[in-house]
Every structure is written in C-alpha cells, then in structure tokens.
C-alpha cells in the first residue's frame, strides 16, 4: 500500500514540477489493490454444518478447542438438528447442545444459524415422542413410502396438537434468539423431512399451501427481528397428486415469503450432475435485492463420488445466478478445504458483497481553518448488496497511532452500490468533506479509510492491505497546518 502511495505521489510531483501546479493544490492519489483475501463480514460467508440433522456430523467431530480458524471466509456455524434433542420432555429444554458449540465461535466474533426439524429419515421421533402421546396425529413411514409398519414417524403438519406444541417451543426459542446479534438467520424448519419443506424421503404426502403458510406464520409471530429463511421446496406443496419435480403448485408460498421480508434457502444444489445442478435461481430474484440468499450444496462426499460435483464450477455459477450471500460447508470441513481450496478461494471473491476502494485522491496539505475534500471511487465486486449498510469514513492518526480526526459521509449508503458480473462492478464516485475540530493540532497525519457506523466505528472488512487491526485501512499521509 505504501509503495502505491509513493508511486502515485512521484507521478503527481513530476506533474507539479513540469506543469507548474501550485504547491497548495498538490494532491496524491492511490489505487488500492484487491488483496484477494476472504472477508468475514455481517450477513455473508461460509456456513459450517456443525450438525447436519445427525448430531455426529460434521463440525461436531472437531475438538472443542478447534474453531476451524484455517477455513477462509468461515462466518456462520449452522446448527441443524431435531426438535426432540432440544425438548426431550415437555417443558424441559436442553439448550447446551447448541449453546456450547455456538459459544466457541461467538467468542471468535463469528455468528450462528439454526434449524429445528420435526421429521427425519434416520430416527423415529424428530418431533418429541411426547407430542404424539399428547394426541398429535402422524404417520409411520419408510423413506419415500407411507406404511403402517414403517420405522419412522412424521407428524400430520396440520394437526392442531402438533401445531400447539410447536408454537410453545418456538415461543421459548424466540425468547433466546430473536434479535440476538449473534444469530444471522433461522430456517422455517417445522415442515417436511429434514425440515426441507418436502416429503420426498418420508411419506410423500402433499399438503395444501395454506398448511405451509401456517408454519411460516408461526415463525413470523415469534421471530420478529431475526431473519427467517424459507426453503425453495415449499413450492412443491399445494395442489393434489404425486410430486412432480418440474411443477411448483405452491410457488405463491415463495413469492409471499419474499414480500414478508424473509429470505430463500435452497437445499440442496449439486445433487444431480450438470446441467441439472440447480433449478431455482429464478426464485432467488424475488429475494436477493433485499435479503441475503442461502445456498446449501449436497453433502460434498456423495456429490463428488457420484460425479455430480464435477469440477465444482457449478457451485460458482449458482453463487452468481442466485446472487448468494451464504455458501455451505456440507461435509467434513478440512477434507472439503483440502480438496476444494481453489474453488473456495474463487467463491470467496464473489460471495456476498465485496466493497473495494478503487481510487482515493487527497491534498498533500490542508489548513485547519478550511474544509478539506477527499474524492474516491468505490465498487461492490460481490454478487449481492451490502445488506447491513454502512458509511464511508476517514480517520486521521498521529505518529503514535492516536486517533485525531474522524470524518464520515452520511449521505452515501454502501448498500446502494450496484453489483455486476465478474470484474464489471460499476464504480461509484464519493466525495467526503472533512471539517477539522477547533482543538486539533497541526502536524503530519496518517490517513485511513473504513466503512461502518455513522460515528466512524468500522464494521465492514475491506479486501485491502494496511489494516490497523480494527478494519481501518492505511492509504497515505497528509499535513494539516
């Protein structure tokens, strides 16, 4: 970064020498390069399946002290498990099964997400047995077939007893997690096998769209602050007859969820080989302009071994077409990292938002009694908006690293920066006027740029070198007299 600053200053100095530019108007310009590093920012990143329904998979095999610090872009720990593990007896809650692993990463500044399922194809009672004993109706099944002697049990998703008990569970869960800043999103997980919104691998029964809406309404009633995600497979509900992979009788369920401020989750892409790696990128167009979209790939091992994974490029294509903010680590994380590091790095350069400072021009010197204007060019090189929003700030530090000036442009919202195809993000021109405090001392100051709160607190990591450890990035020096 400093070498870029020096080169730019030398070029401008030559212009001053031979072009006759007045010394008081001398400027320096920097063009910070994108470092290519993975960014850990709010409302985006890789999500680790700590539990993948079965509590032995996948992050749960890590040692308690192992927080996977070597995985670039890891941002969210996804805890997906059956309701029965949380409330094995009515009113008795075992929250440590999620809170203990969650705290390991929360201590590192990362976040969590949840799904609590009500039907599994590997255990009889994902919905606690006591719910059935309380009178809730349900159906025995073998995976993909409703049968009286089936080893597993699926609740009737429209049964009033089941809905009443689920309502009480969500009330308790929301008291803990709704509005919790450590929680990025919560899936509507009470409908369908594995909480995925379909019954392909359970009874294959279909329900009217209004039954799915009841489940969405339950979640919306309890979670008023935390982002809720609906599954794309909800669209298979509605109508009658057998499932048809090419028909979406419940498409209005998805569109209505977008209008109600929810987001979309697609489980799972890359189950089938190209060109059938994913199907529902069109649904994502209702969501991504306002909310971060979640992508979950098929369990990596089976996808790889069946040939569906291919070279992984369809994962990147899905990130582009869905404008995805979250991608899933759906396997043993270090095996996935070792085999797919190049793909992970490529996804990290596009996943979510990526705010780049393309150019900054500032005067060599300024007067304490006059406003100083700094001009910049910015771009969002990711596929999605910067949903948390933020403001661009300049911070001046003395030679001891002390903060002496903070200046924020509160008129420009980075959420409004448009996205584009790879390497084609539109540039946004931003001017920032600095008015110095009356008690500021004259001297030479280091200049740092950041994006964050209106008071100048940095929040968003940028893909540039020169980080001061607090998400402020060095760009040059200026003399204030």
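The values are calculated or read from the model by the stated rules, or taken from the named source; none is laboratory data. Nothing here was measured: the structure is a model prediction, and the numbers come from that model. Cβ atoms come from the backbone with ideal geometry, glycine included; neighbour counts cover every protein chain shown.
Values as computed for the structure displayed
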| read-out | value |
| --- | --- |
| Among the residues listed as 199, 203, 263, the single one being crowded, with 16+ Cβ neighbours inside 10 Å, closer than 27 Å to residue 44 by Cα and either outside the structural domain of residue 149 (by TED's automatic domain parsing) or in contact with a strand residue (DSSP E or B) (Cβ under 9 Å, 6 or more places away or on another chain) (or both) | 263 |
| Filtered residues of segment 54-78 (kept if touching a helix residue (DSSP H, G or I) at 6+ places or on another chain (Cβ under 6 Å) and crowded, with 23+ Cβ neighbours inside 10 Å) | 77 |
| Count of segment 187-229 residues which are in a helix (DSSP H, G or I) and within 19 Å of residue 54 (Cβ to Cβ) | 3 |
| Residues of segment 145-196 satisfying the condition of being over 30 Å from residue 43 (Cα atoms), surrounded by 17 or more Cβ atoms within 10 Å (Cβ to Cβ) and touching a strand residue (DSSP E or B) at 6+ places or on another chain (Cβ under 8 Å) | 150, 152, 153, 154, 155, 156, 159, 162 |
| Filter result for residue 364 (more than 22 Å from the chain's Cα centre (by Cα), modelled with pLDDT of 95 or more and surrounded by fewer than 17 Cβ atoms within 10 Å (Cβ to Cβ)) | no |
| Residue in segment 436-445 that is touching a strand residue (DSSP E or B) at 6+ places or on another chain (Cβ under 6 Å) and within 22 Å of residue 379 (Cα to Cα) present | no |
| Hits in segment 136-157 - residues which are more than 35 Å from the chain's Cα centre (by Cα) and assigned to a loop (DSSP other than H, G, I, E, B) | 136, 137, 147, 148, 149, 150, 151 |
| Only one of 43, 33 that is more than 21 Å from residue 100 (Cα to Cα) and surrounded by fewer than 17 Cβ atoms within 10 Å (Cβ to Cβ) | 33 |
